[in-house]
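Each value in this text was obtained by applying a stated rule to the coordinates, not by laboratory testing. Remember, predicted model here, so these are calculated numbers, not experimental data. Heads up, the Cβs are rebuilt from the backbone with ideal geometry, glycines too, and the neighbour counts pull from every protein chain shown.
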Amino acid sequence: MKSKQVLNRVQLSEREIPKKWYNIAADLNEKPLPPLDPQTRQPITPDKLSLLFPQRLIEQEVSEEQFIKIPNEILKILLKWRPTPLVRARGLEELLETPAHIYFKNESVSPTGSHKSNTAVAQAYYNKLEHVKRLATETGAGQWGSALAMACNYFDLGCKVFMVKSSFDQKPYRRAMMQLWGAEVTASPSEETNAGKEMLERAPDSPGSLGMAISEAVEVAASDPETKYSLGSVLNHVILHQTIIGEETLKQLEKVDEYPDTIIGCVGGGSNFGGFAFPFVREILEEKPRAKKMRVIAVEPTACPTLTRGMFTYDYGDTAGLTPLLSMYTLGHDFVPAAIHAGGLRYHGVSPLVSALVHQGIVQAVAYSQNEVFDAALKFAKSEGIVPAPESAHAIRAAIDEALRAKSEGKKEVIVFNLSGHGYFDMSAYDAYLQGHLEDSTIDEEELQKHLKQLRRLSVSE
Ligand SMILES: *Cc1c(COP(=O)(O)O)cnc(C)c1O
């Protein structure tokens, strides 16, 4: 029975955990353009991809099936922390004196503190099934590296992580966390790969970037038959695994008889946003009456404004140009974002699925600078007691602004955002904010145009 009781945390029982992932590709009228082989510039063939990924994940990457069953072996591990709570942010509502109802989906309760554990477990499982011995990957702020390290540990797989240099220095505890699960961690760019050596030659003091670290991990995987590559965001199969977040949220809102006017998530490569928002976007695509007025907002940093100022075109996923060309919003694969503390949002591109939805006007994008984001993080920490990840605080900033707008318009709206992770490994960033040392960086137009011009040269569609 549906009730209007005063609930703070909307819980699902273990039995109610969704048993299927949602594949939005099945429902899109305009499909994203296919990934291209970097050598031939033709749609990439599955056998080329199998150098990097196991067969099952390649099938999911190109699948047109609307729902894909979650294997029991994966569910068994997800049930250690899922279903995650949906929380009514009453403290924040009171602080803002807004008539809006604010809810957040709390993905910070996973063992590694972010949503990334969801796909890490699935990817480790499928690789194990196909007798892979080791996974190589990159990590920005360290959340993805720790999630994959944990998952590899469960399935007895080796794990090699290239960690972006600036984060390697800023977040030693994330490195230690990966190592305690048995992963081997290297600061990127490194001397261990040709791609890394070339980048160091060009810029010996480079703070690194996700694009560079991806080049190194891909090179390691491509040159070792027992090692495959694993990506923590961007690709279709990664977002597929994250849709359990949105599927749970839909069920939880139904329990309290609410439906969102606004859905909000932060965007780095697009996986927590897509995983959280796509089950709601499905209702828009299906033209469900209740979804007619719903707005879906993707939030990014002004220091890396891919969706708000980037170009929609084909680009590489990495700096060295080893990955397939993806059709997406991008700032250019050689763009190195400023070393902002939301390390997980420092990526030059955005998932082709999320990009397509922004391009088609179904999803809106906004950008915020670092200090306004930390101001929102502090309001959230003070009113709800959780210190959010700087990445997630982008979504909080947008939720606060929406709640204040609702207040000025006197509207009782329902705002739901994804708290993609906690910030307990980011205390040095909070320390810098409290001391007034955080810089707001915005890329200037000239610099941006320089990178976009190179893209035009690369582009195959124009
Ligand atoms: C990695 C990360 C992000 C950004 O990655 P997406 O793929 O865009 O979700 C956001 N929040 C947290 C907590 C992260 O760890």
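How many nm is it between the label spots at Ala176 and Glu97, if each spot is 7 Å from the Cα in line with the beta carbon?
In this crude spin-label approximation the distance works out to 4.5 nm.
With 24 Å as the limit, write out which pairs from Lys105/Lys228; Lys19/Lys292; Lys31/Lys128; Lys76/Lys133; Lys69/Lys293; Lys160/Lys197 have Cα-Cα distances beyond it, or answer none.
Those over the limit are Lys105/Lys228; Lys19/Lys292; Lys31/Lys128; Lys69/Lys293.
Taking C-beta distances below 4.7 angstrom as the pairing criterion, name the unpartnered cysteines of the chain, in sequence order.
Here Cys266, Cys304 come out as lacking a disulfide-compatible partner, given the Cβ-Cβ threshold of under 4.7 Å.
Please give me, ordered by residue number, the chymotrypsin sites (Phe, Trp or Tyr not before Pro) of the stretch 401-462 that lie in loop per DSSP and have at most 10 other Cβ atoms within 10 Å.
Those that pass, being in a loop and sparsely packed, number zero.
For the peptides 137-148, 154-165, 358-369, 26-37, what is the packing order when you average, over each peptide's residues, the other Cβ atoms within 10 Å and list the highest mean first?
137-148, 154-165, 358-369, 26-37
What ranking, highest mean first, results for peptides 248-255, 390-397, 326-333, 204-211 when packing means the other Cβ atoms within 10 Å averaged over each residue?
Sorting 248-255, 390-397, 326-333, 204-211 by mean packing, highest first, produces 390-397, 326-333, 204-211, 248-255.
If each of Thr308 and Lys292 carries a label point 7 Å out from its Cα toward its Cβ, how far apart are those two points in nm?
Distance between the two pseudo-spin positions: 3.1 nm.
Which net charge results for the neighbourhood of Arg295, defined as the other residues with beta-carbon distances under 9 angstrom from its beta-carbon, given Lys and Arg at +1 and Asp and Glu at -1?
Here the charged neighbours net out to -1.
Can you pull the one-decimal nm distance between simple spin-label points at Glu184 and Glu254, each 7 Å off the Cα toward Cβ?
4.8 nm
If you count the DSSP beta bridges with both ends in the chain, what percent of them are antiparallel, to the nearest 5?
That works out to approximately 35 percent antiparallel.
Please label the shape of the chain as rounded, prolate or oblate, based on the square roots a ≥ b ≥ c of the eigenvalues of the alpha-carbon gyration tensor (a/c under 1.5 means rounded; beyond that, a/b larger than b/c means prolate, else oblate).
Rounded.
Please state the shape class of the stretch 72-176: rounded when a/c is under 1.5, otherwise prolate if a/b exceeds b/c and oblate if not, all from the C-alpha gyration tensor.
In terms of gyration-tensor shape, oblate.
Quick check: residue separation of Glu198 and Asn8 times 0.36 nm, minus the Cα distance between them. What number comes out in nm?
That pair, Glu198 and Asn8, stretches by 63.1 nm at full extension.
Can you give the FRET efficiency for Gln55 and Asn153, using 1/(1 + (r/R0)^6), R0 = 25 Å, r = Cβ-Cβ distance, to the nearest 0.05?
The calculated FRET efficiency here is 0.60.
Suppose R0 equals 25 Å. What FRET efficiency, 1/(1 + (r/R0)^6) with r the Cβ-Cβ distance, do Glu65 and His131 give to the nearest 0.05?
For Glu65 and His131, the calculated efficiency is 0.50.
What is the sum of charges, Lys and Arg at +1 and Asp and Glu at -1, for the other residues whose Cβ falls under 15 Å from the Cβ of Ser167?
My count for the surroundings of Ser167 gives +1.
Counting Lys and Arg as +1 and Asp and Glu as -1, what is the net charge of the other residues whose Cβ lies under 10 Å from the Cβ of Ser383?
Surrounding charge for Ser383 is 0.
By how many nm would the segment from Gln449 to Leu79 lengthen if fully extended, with 0.36 nm per residue of separation less the alpha-carbon distance?
128.5 nm
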